[in-house]
Ligand code: SAH
């Protein structure tokens with residue numbers, strides 16, 4: 001069967017020459033008709049990958065506890081906007097709300113491009129008053145706001161710079177004998193690229209950085225907190241990390257266009273650089289974050305209440321916090337203004 005999206009991308013390259021990786025990712029993930037996220041529910045055992053909120057309710061509940069503590073530090077305002085960017089099946093929001101309602105009067109907002117996922121989110125969360133947004137520009141701007149995104153930033157398009165003779169070039173997808181292939185594009189002169197010497201690939205994401213900066217400005221102006229959870233680089237680790245995942249396995253980035261998830265590791269160092277001076281930030285591993293929110297105690301309480309679930313709770317707990325599972329690779333960046 002011909003892959004329509006692949007033909008659209010090839011046409012684009014025929015017309016305009018090799019395309020940068022951000023444009024390629026945007027086609028693959030977000031094309032309105034054939035994009036990966038716009039056409040399916042990718043999660044769970046029968047899907048392509050499993051995320052932390054789908055592993056255990058403990059995950060969303062810890063975010064809920066974090067929100068409650070933050071809300072108190074704002075001296076309990078009459079209402080709090082709770083925003084999730086890229087909400088998947090809505091599982092995390094459901095678990096968050098279990099912990100914060102009725103203690104906080106919340107107004108729920110979700111930024112989500114996928115129409116099929118919006119429907120699933122509605123069913124999972126089961127509230128009549130959820131507001132969806134196509135992008136962050138329409139989020140409410142008149143009160144304190146808590147914004148959270150789990151595995152959202154990794155799905156946003158990135159550019160790769162490739163080192164050729166110690167000069168950076170745009171890494172592109174081009175056509176060789178009518179097949180998609182990675183090729184080097186024009187030289188790059190961006191001031192914020194590091195010295196190319198000794199590196200092969202450097203990844204950067206203007207889109208990710210723009211969203212992060214705009215949301216930092218929101219919490220600065222409105223008071224609030226921005227919480228990013230994702231797999232990512234620590235200081236100085238930036239390297240080639242673009243990957244495709246299908247059926248729980250790594251796949252070819254240029255194969256089966258639009259049918260595999262494309263992600264990259266988040267450069268948290270780049271995001272920390274953009275935090276406004278008068279905001280506070282905390283950068284931790286997922287394990288440190290969840291433990292500081294009290295995941296051990298919550299896991300014990302739930303296990304004692306419901307002995308039949310103790311085993312699966314314990315398995316979920318270890319997947320989330322153990323350093324050889326998600327505990328260390330996943331990082332948490334919290335930016336706040338009270
Ligand atoms: N947070 C969820 C889902 C992570 S997958 C979880 O942890 O299970 C990425 C999510 O971001 C999906 O819901 C996807 O549809 C959404 N998404 C991807 N790109 C987006 C974009 N540019 N704007 C809004 N949502 C996007």
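Rule-based calculations on the coordinates, nothing more; no lab input. This structure is a prediction, so every number in the text was calculated from the model and none was measured. Please note: Cβ atoms are built from the backbone with ideal geometry, for glycine as well, and neighbour counts cover all protein chains shown.
Simple spin-label estimate for residue 312 and residue 11 gives 4.6 nm between the two label positions (7 Å along the Cα-to-Cβ direction from each Cα).
Gyration tensor over the Cα atoms of the chain: the corresponding equivalent ellipsoid has semi-axes (square roots of 5 times the eigenvalues, largest first) of 35, 23, 20 Å. In summary, the stretch 117-274 shows an alpha-carbon radius of gyration equal to 1.23 times the 2.2 N^0.38 Å reference for compact globular proteins.
Taking other C-beta atoms within 10 Å as the exposure proxy, 248, 197 rank 197, 248 from fewest upward.
Let me know the Kirkwood hydrodynamic radius for the stretch 259-338, please, with Cα pairs as the basis and the value in Å to one decimal. Kindly include the intermediate steps, with their values, before the conclusion.
Values: mean 1/r = 0.0675 Å⁻¹.
This gives a value of 14.8 Å.
Taken over the alpha carbons of the stretch 67-191 as equal point scatterers, the Debye sum produces base-10 log I(q)/I(0) values at 0.11, 0.16, 0.19 Å⁻¹ of -0.56, -0.80, -0.99. When you restrict to C-alpha pairs under 8 Å that are six or more residues apart and normalise by the size of the stretch 137-208, the relative contact order lands at 35 percent.
Entry note, the stretch 27-181: relative contact order of 22 percent, from Cα contacts under 8 Å with a spacing of 6+ residues. Across all directions, the average flat footprint of the convex hull enclosing the Cα atoms of the stretch 169-250 is 8.9 nm². Projected label points at residue 322 and residue 291, each 7 Å from Cα along the beta carbon direction, are separated by 1.5 nanometres. Built from the Cα atoms of the stretch 88-148, the convex hull projects on average onto 4.2 nm², one quarter of its surface area. Size estimate for the stretch 188-304 follows the Kirkwood approach: the inverse of mean 1/r over distinct Cα pairs works out to 17.3 Å.
Tell me, in nm to one decimal, what length is gained between residue 278 and residue 181 on full extension, where the rule is 0.36 nm per residue of separation less the Cα-Cα distance? Kindly include the intermediate steps, with their values, before the conclusion.
Values: separation 97, 0.36 × 97 = 34.92 nm, distance 4.52 nm.
Length difference between fully extended and current span is 30.4 nm.
Report, in whole Å, the centroid distance computed from the Cα atoms of the stretch 279-321 and the stretch 125-143. A separation of 28 Å, based on Cα centres. log10 I(q)/I(0), Debye, Cα-only the stretch 1-70, no solvent, q = 0.18, 0.28 Å⁻¹? For the requested q values the scattering log ratios are -0.80, -1.16.
What 222 nm value per residue comes from the helices of the chain, counting each DSSP H run with n ≥ 4 as -39,500 (n - 2.57) and dividing by all residues, nearest 500 deg cm²/dmol? Could you put the intermediate results ahead of the total?
Working: 12 runs with 122 residues, N = 338.
Taken over the chain, the calculation gives -10500 deg cm²/dmol.
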